[in-house]
1. Could you tell me which numbered condition Val17 fails, if it satisfies all but one of (1) touching a Lys or Arg at 6+ places or on another chain (Cβ under 7 Å); (2) free of Cβ contacts under 8 Å to residues at least 60 places away in the same chain; (3) not polar (S, T, N, Q)?
2. Taking Lys97 and the conditions (1) farther than 17 Å from Ser20 by Cα; (2) more than 14 Å from the chain's Cα centre (by Cα), which numbered condition does it fall short on, given that it satisfies the others?
3. Being out of contact with any Phe, Trp or Tyr (no Cβ under 7 Å at 6 or more places or on another chain), within 23 Å of Leu137 (Cα to Cα) and not aromatic (Phe, Trp, Tyr) is the requirement here; does Asp102 meet it?
4. Filter region 43-63 for residues that are more than 15 Å from Thr85 (Cα to Cα) and among the small types (Gly, Ala, Ser) and give the result.
5. When the residues of region 102-118 are narrowed to those that are surrounded by 13 or more Cβ atoms within 10 Å (Cβ to Cβ) and either touching a Ser or Thr at 6+ places or on another chain (Cβ under 6 Å) or of a type in the set (D, E, K, R) (or both), which ends up nearest to Ala82 (Cα to Cα)?
Amino acid sequence: MSQENEKQGKNVQVALVAGSTSDEPVYNKTIKVLEENNISYELKILSAHRNPDELDAYIKESKSLIFIAVAGLSAALPGVIASKTERPVIGVPVDAKLGGLDALLSIVQMPPRVPVACVGIDRGDNAAYLAMRILNLLEK
């Protein structure tokens, strides 16, 4: 779905950004829900640590309404995105080490004026459902 939207020049509703392809089982849960509900999305694999310049450019160029960021370990990705946009950011902590608590705490402990919504560990599906609720508000 995302490639089709890009070809047609349409804006995607959700930018799904994962820090690594190893997060695939988690971001696939997000994709499944988005596709089942006809929510347009674009998937990018961009690490806040390994691809900072590419991530910056993507955030600036993206016309998405919402970002969903899937990250494990230090889980800096959602916070970095939130620091560079005024759009909603939903963080999905991944169970890579320490049962995912390290990632969860990294996502929820954001400084003032850099909010990130956080769903449960490995709950990519809930991130999609939260994005849908936000999108529903925009349609009213």
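1. Exception for Val17: condition (2).
2. (1)
3. Numbers: out of contact with any Phe, Trp or Tyr (no Cβ under 7 Å at 6 or more places or on another chain): yes; within 23 Å of Leu137 (Cα to Cα): no; not aromatic (Phe, Trp, Tyr): yes.
The answer is no for Asp102.
4. Answer for region 43-63, where residues must be more than 15 Å from Thr85 (Cα to Cα) and among the small types (Gly, Ala, Ser): just Ser47.
5. By that ranking, first place goes to Val114.
All of the numbers you see were taken from the coordinates with simple rules; none came from a lab. Owing to the predicted nature of the structure, the values given are computational and were not obtained by experimental measurement. Don't worry about glycine lacking a Cβ; one is built from the backbone with ideal geometry, like all the others, and counts go over all protein chains shown.
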